[in-house]
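Here's the structure we're looking at; comments come further down.
The values are calculated or read from the model by the stated rules, or taken from the named source; none is laboratory data. This structure is a prediction, so every number in the text was calculated from the model and none was measured. Don't worry about glycine lacking a Cβ; one is built from the backbone with ideal geometry, like all the others, and counts go over all protein chains shown. Heavy atoms of the whole protein, side chains included, go into the accessibility calculation; ligands, DNA and RNA do not. Shrake-Rupley method; radii C 1.70, N 1.55, O 1.52, S 1.80 Å.
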Amino acid sequence: MAQTAGRDLRWTTADLEVMPDNGDRYEIIEGELYVTRAPHWRHQTACLRVASSLDLWSQSTGAGRVVVGPGVIFGSWDSVIPDVVWIDRGRFEQLEDGSGHFAGAPDLVVEVLSAGVANEQRDREVKLKLYSKRGVREYWLVDWRGQQVEVYRREQAVLVLQATLLADDELTSSLLPDYRYLVGKLFV
């Protein structure tokens with residue numbers, strides 16, 4: 001984080017309004033600005049598969065809604081764009097703000113790892129900490145290169161790694177009764 005005249009320079013959600021519309025993704029976590037480019041097509045395929053499977057389940061149960069790449073604003077210094085979120089139907093309208101973003105924690109957040117050490121570190125550490133602190137109930141970290149999914153669930157106010165699922169394992173969740181998806185199908 002940059003320092004200016006002895007004070008921390010912190011980015012806010014208001015700063016996002018003046019960012020160029022050039023295809024980059026801008027996120028702010030604890031006042032620090034993160035800029036990423038369009039991800040690999042395999043990353044996007046994994047996002048599509050996760051979102052599609054969750055959407056089919058959600059439509060059949062009516063339990064909630066799936067959104068791909070939404071803006072989630074936790075506060076002035078925390079604004080992110082998760083790859084996929086799922087929100088319980090009872091909370092969806094409460095979280096949606098007037099501009100179509102979400103002002104609060106989705107029930108489930110899915111991040112698909114992007115290539116690069118900095119990108120992986122952001123998803124594995126910085127975003128995990130943010131989502132844990134802000135009340136996300138479950139976090140799936142999808143690794144398309146390693147063909148695995150790490151499942152974090154809230155325990156005593158903290159997201160804790162519950163399982164690392166491989167291609168032959170089934171992805172399930174206590175948030176999503178009867179939801180089942182073979183991990184390997186995310187990567188074909």
**Complete:** In terms of the alpha carbon gyration tensor, root eigenvalues a ≥ b ≥ c, rounded if a/c is under 1.5 and otherwise prolate when a/b exceeds b/c or oblate, segment 31-118 is oblate
**Asked** Against the longest principal axis of the chain, how steep is helix 41-61, in degrees 0 to 90 to the nearest 10, with axes from Cα atoms?
**Response** 60 degrees
**Asked** Is the shape of the chain rounded, prolate or oblate, going by the alpha carbon gyration tensor and its root eigenvalues a ≥ b ≥ c, with a/c under 1.5 for rounded and a/b larger than b/c for prolate?
**Response** prolate
**Prompt:** In percent, what relative contact order does the chain have, based on Cα pairs under 8 Å that are 6 or more apart in sequence?
**Reply:** 15 percent
**Asked** Given a 1.4 Å probe, how much area per residue of the chain is accessible, in Å²?
**Response** 52 Å²
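Could you order peptides 10-21, 136-147, 160-171 by the average number of other Cβ atoms within 10 Å of their residues, highest first? Walk me through the numbers on the way to the answer.
Details: 10-21: 12.1, 136-147: 20.1, 160-171: 14.2.
Result, highest mean Cβ count within 10 Å first: 136-147, 160-171, 10-21.
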**Request:** At a Cα cut-off below 16 Å, give the aspartates and glutamates reachable from Lys127, other chains included and same-chain residues fewer than 8 away excluded.
**Result:** Glu27, Glu30, Glu32, Asp78, Asp83, Asp107, Glu111, Glu138, Asp143, Glu150
**Item:** Spin-label pair Val117/Leu166, simplified geometry with 7 Å Cα→Cβ offset, distance in nm
**Value:** 2.8 nm
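At a 1.4 Å probe, what is the % contribution of carbon and sulfur to the accessible area of segment 67-188? Please report the intermediate quantities before stating the final value.
Numbers: 2760 of 5620 Å².
The value for segment 67-188 is 49 percent carbon and sulfur by accessible area.
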**Prompt:** For the chain, what is the mean residue ellipticity at 222 nm derived from helices alone (per DSSP H run of n ≥ 4: -39500 (n - 2.57); sum divided by total residues; nearest 500 deg cm²/dmol)?
**Reply:** -7000 deg cm²/dmol
